[in-house]
Amino acid sequence: MGESNVNLAALIGSRICHDLISPIGAINNGLELLGMGGNTQGPEMDLISDSVGNAGARIRFFRIAYGAASEQPVGRAEVVGVLQDLSTGSRLVTQWASQGSHPRSEVRLAFLALQCCETAMPFGGTVHLMCDAGKWMIMGTADKLKIDTALWSNLTSSENAQNVTPAQVQFALLPLYAAELGRAVSTDITATNVTIRF
C-alpha cells in the first residue's frame, strides 16, 4: 500500500467516524430523555444503553486509530477516557501508564498496537501502554495467548502485509504509520506476554 493510499484510507476513516458520532450521540441523548420520563426500566433499555455506549467508545477509539493523524497533542485524560469506555464489559483490561500528552500520530500507533495485542488475547488479559523518553512499549499479558506467527511477522517485515482480513488490518497499518514517523516496530513474544516496541 503506497503512502498516498495510506493517507487516503486515514481520511476515509476520519470521515466515517465523523459522520457516525453525531447520530450515536443523538441516540444517547434520546435515551437520557426517555430516562427522565421514568418509564424506561428493564433489560431491553439497559441493552440499548450499553450498546450505544459501546458504539460511541469504539468510534472515539477508531477516530484516533484509523483516522488522519497530526502532531496535535492528545491529552492523558482523553486517552484514558476512551480506553476505559472501550474496556467496559470487555475481558481485556487496558492500562495507560504514560503521563502528559502525546502527538496524535504516536497515540494512533499505540492504539493500533493495542489492537494487535487484543488479537493475541482472545480469552482476555491486560495490556499496558507506556512511553518513556519518546520510546513506546505496548505489552499484553494473559494466561493463554493465541499467536498467528505469519500475521505477527507483518509488523517487522519490510514487505507490505499480505492476506490480512479486515479484523487484522492493524497489522498492515502499524508498520506503515510507524515508518512515516521514522520508527521501526519490534516484537517480543513469550508464553504469556506479547510486547510491541516502536
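The values are calculated or read from the model by the stated rules, or taken from the named source; none is laboratory data. None of the values given here were measured: they were computed from a predicted structure. Cβ coordinates were reconstructed from backbone atoms using ideal geometry, including for glycine residues, and neighbour counts include every protein chain displayed.
Structure notes:
- Leading residue by the ranking (nearest to Thr156 (Cα to Cα)) among those in the stretch 103-120 that are surrounded by fewer than 21 Cβ atoms within 10 Å (Cβ to Cβ) and in contact with a Gly (Cβ under 9 Å, 6 or more places away or on another chain): Ala120
- Tally of residues being basic (Lys, Arg) and in a loop (DSSP other than H, G, I, E, B) across the stretch 173-198: 1
- Note on the stretch 83-96: residues that are in contact (Cβ under 8 Å) with a residue 12 or more places away in the chain and surrounded by 15 or more Cβ atoms within 10 Å (Cβ to Cβ) total 6.
- Some residue of the stretch 123-143 being under 22 Å from Arg58 (Cα atoms) and exposed (fewer than 12 other Cβ atoms within 10 Å of the Cβ): yes
- Looking only at residues of the stretch 1-51 that are in a helix (DSSP H, G or I), of a type in the set (Ser, Thr, Tyr) and at pLDDT below 70, we find that the one that is surrounded by the most Cβ atoms within 10 Å (Cβ to Cβ) is Ser14.
- Selected residue [on the phi < 0 side of the Ramachandran plot and either exposed (fewer than 12 other Cβ atoms within 10 Å of the Cβ) or without any contact (Cβ under 8 Å) to a residue 24 or more places away in the chain (or both)] from Gln170, Gln99: Gln99
- Scanning the stretch 122-134 for residues that are in a loop (DSSP other than H, G, I, E, B) and either touching a strand residue (DSSP E or B) at 6+ places or on another chain (Cβ under 6 Å) or outside the structural domain of Val169 (by TED's automatic domain parsing) (or both) gives a single hit, Gly124.
- Residue match in the stretch 103-121 (condition: assigned by TED's automatic domain parsing to the domain that holds Leu145, touching a Pro at 6+ places or on another chain (Cβ under 8 Å) and either closer than 13 Å to Leu174 by Cβ or not hydroxyl-bearing (Ser, Thr, Tyr) (or both)): yes
- Residue in the stretch 72-82 that is of a type outside the set (Asp, Glu), under 18 Å from Ala142 (Cα atoms) and in contact (Cβ under 8 Å) with a residue 24 or more places away in the chain present: no
- Flag if Ile147 is assigned to a strand (DSSP E or B), of a type in the set (A, V, I, L, M, F, W, C) and assigned by TED's automatic domain parsing to the domain that holds Phe198: no
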